[in-house]
1. Do you know which residues across the range 174-199 are open to solvent by less than 60 Å² (accessible area, probe 1.4 Å), modelled with pLDDT under 90 and either out of contact with any Pro (no Cβ under 9 Å at 6 or more places or on another chain) or in the same structural domain as residue 405 (by TED's automatic domain parsing) (or both)?
2. For the range 124-214, please list each of the helices (runs of 4 or more DSSP H) lying entirely inside it that holds at least 3 residues being touching a residue at least 24 places away in the same chain (Cβ under 8 Å).
3. Which pairs do you get when a residue that is among the aromatic types (Phe, Trp, Tyr), found in the range 444-460, comes within reach of a residue that is crowded, with 16+ Cβ neighbours inside 10 Å, reach meaning Cβ atoms under 6 angstrom, with the pair 6+ apart or on two chains?
4. Any chance you could count how many residues in the range 204-222 are of a type in the set (A, V, I, L, M, F, W, C) and open to solvent by less than 30 Å² (accessible area, probe 1.4 Å)?
5. Which of the residues spanning the range 290-333 are outside any helix (DSSP H, G or I) and within 26 Å of residue 99 (Cβ to Cβ)?
6. Looking at residue 225, is it open to solvent by 70 Å² or more (accessible area, probe 1.4 Å) and β-branched (Val, Ile, Thr)?
7. Residue 370 is checked against (1) part of a helix (DSSP H, G or I); (2) at pLDDT below 90 and fails just one. What number does that condition carry?
8. For residue 78, work out the one condition from (1) open to solvent by 50 Å² or more (accessible area, probe 1.4 Å); (2) touching a Lys or Arg at 6+ places or on another chain (Cβ under 6 Å) it doesn't fulfil.
Amino acid sequence: MKKLLAWLEHRVGFRDSILPMLMHPIPRGAAGPMGWWYVFGSASMTLLAIQILTGIGLALVYVPSADKAYESLLYLNYEQPMGWFLRALHNTSAGGMVLMVAIHMTQVFLHGSFKYPRELTWILGVCLLFLTLGLAFTGQVLRWDGDAYWGLGVGAAMAGRVPILGPYIVRLLLGGPIIGADTLSRFFALHVFILPGLLLVTLGLHLWVVLRKGISEPPVPGEPVDPTTYDAKYHEELKKGVPFLGDAVVKDGLFSALVVITVVVIAAVFGPKGPGAYPDPTLPGADPKPDWPFLWTYAALTLLPAEVETPLILTAPLVLLVVLFGLPFYANRGERAPSRRPLAVLGVIVLWSLLIVLTLIGIKGPGAPTMDGWSGIPVPVDMVKRSSPVQLAGAAVLQNKQCRNCHALEGKGGIRGPDLTNVGTRLTRDELIRQVIQGGGLMPAYGKQLKPHEVTALVEFLVNCRPAGETPARNPAQPVPTRTTARAEN
Ligand code: HEC
């Protein structure tokens, strides 16, 4: 045994490479009770390990094709022994990982640990946050059910609003202009190869700079960071330091164990998520809420008036990127202690409150689309009364195709799209046809799901959606109609 170890040691050089890494000194202050602040990064990594293990297990059974994915999830849930638990654990631990990364970042931010000389550590950490979110998003698409289908439709419609590049981004994401067979393959490749690969490389670099620059000492009020003197001071601090393999590892281990137990219990109690309704855009019953890490964006978009939606979707992510990546550059010196940085503390409180409140609204709120428009709300009586048979057929299409998940008639129905009660005065027949067939804004295209006679009937109904006596909207380029053509149009 000893010989074997010596043989290995001679070749691997554990004692010169790994051991010093484990024994590297950390500031004494980071070892005592303050050490509990430093456990969130390693807990994120523990959850990542669970993701990789359960993910490999899932990938062995999951079929990434649009017509088989749903069945393979049902198979995992009901036939594969422990398959349901694998799914539940993967999903729960995914949410846990997003949360843990967010907490880790908050701690680093509050303690000013992103300041000199750890700017790059922070930047790589921000990349890790986005990669984790990317994995969470692509993962929920792989749960190929009605929710995933609708959620992706809304997501793609948002991406489609980017000026000029919009259509290209959508094409890149979906593998075509609409959600189709190629879409799932793309998301599978992203979720299983591309994003995890990037994540592991970025994590390696992150850990490398953490080791290079050492973990920060707990902040002390009145001892600001000065890049000219910091390194020497830190070096002195390390001379009195304690080895990482000791108190710090024990705390990391204990906390990670607690997190793993929590995740396992939640997974076992609540079971796997979905798959929900069959992924067919024409079937009712989907509830296209994103998974909870994204619920807050969904609630925000539901609450916001439609006019600010597009500007916000386009600018907010940019602002977020600039703030997060720029942070260690415009604030890389000065006080680190939270007690001396009231604005930073206030920012954290506001941001977390906002995220929590929006998430709660997302869980409870009506949301948009509401997805129950198909069931209860009838077409208003007076609209029915003034409708011709063709227009009534159109009203039926409107109900059956769940237009009212997003659109209200006389105030009743969804709120994602405009109320259609008077749409006939706003849009011409051509514009209505275009809107229905091609969609636009946050509205999906219905061209492929409607037969020509359904489109005709629907548009007849929509043209008639206007107060009694008011003329339909018309194209200013067309001549004013004579009395006979006007009657024909009605
Ligand atoms: C996922 C939600 C959603 C569904 C489902 C939906 N729409 Fe829309 N619709 C919208 C949104 C959002 C807009 C606003 C588009 C924009 O921002 O340009 C819109 C706009 C419209 C407009 C133009 C209204 C105006 O005043 O400009 C018409 C007409 C319309 N939709 C008809 C329909 C019909 C008919 C259906 C069913 C076949 C339908 N919609 C299904 C979201 C939806």
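1. Of everything in the range 174-199, those that are open to solvent by less than 60 Å² (accessible area, probe 1.4 Å), modelled with pLDDT under 90 and either out of contact with any Pro (no Cβ under 9 Å at 6 or more places or on another chain) or in the same structural domain as residue 405 (by TED's automatic domain parsing) (or both) turn out to be 174, 175, 176, 180, 183.
2. It comes to 146-159, 181-189, 195-213.
3. Cβ pairs passing all conditions: 446/436.
4. Result for the range 204-222: 1.
5. Selection gives 290, 291, 304, 331.
6. Considered against the rule, which asks whether it is open to solvent by 70 Å² or more (accessible area, probe 1.4 Å) and β-branched (Val, Ile, Thr), residue 225 comes out as no.
7. (1)
8. All conditions are met except number (2).
The values are calculated or read from the model by the stated rules, or taken from the named source; none is laboratory data. All of these numbers come straight from a predicted model, not from anything done at the bench. Positions of Cβ are backbone-derived with ideal geometry, glycine not excepted, and every protein chain shown enters the neighbour counts. Note: accessible area is taken over every heavy atom of the protein model, side chains too, but ligands, DNA and RNA are not part of it. Shrake-Rupley method; radii C 1.70, N 1.55, O 1.52, S 1.80 Å.
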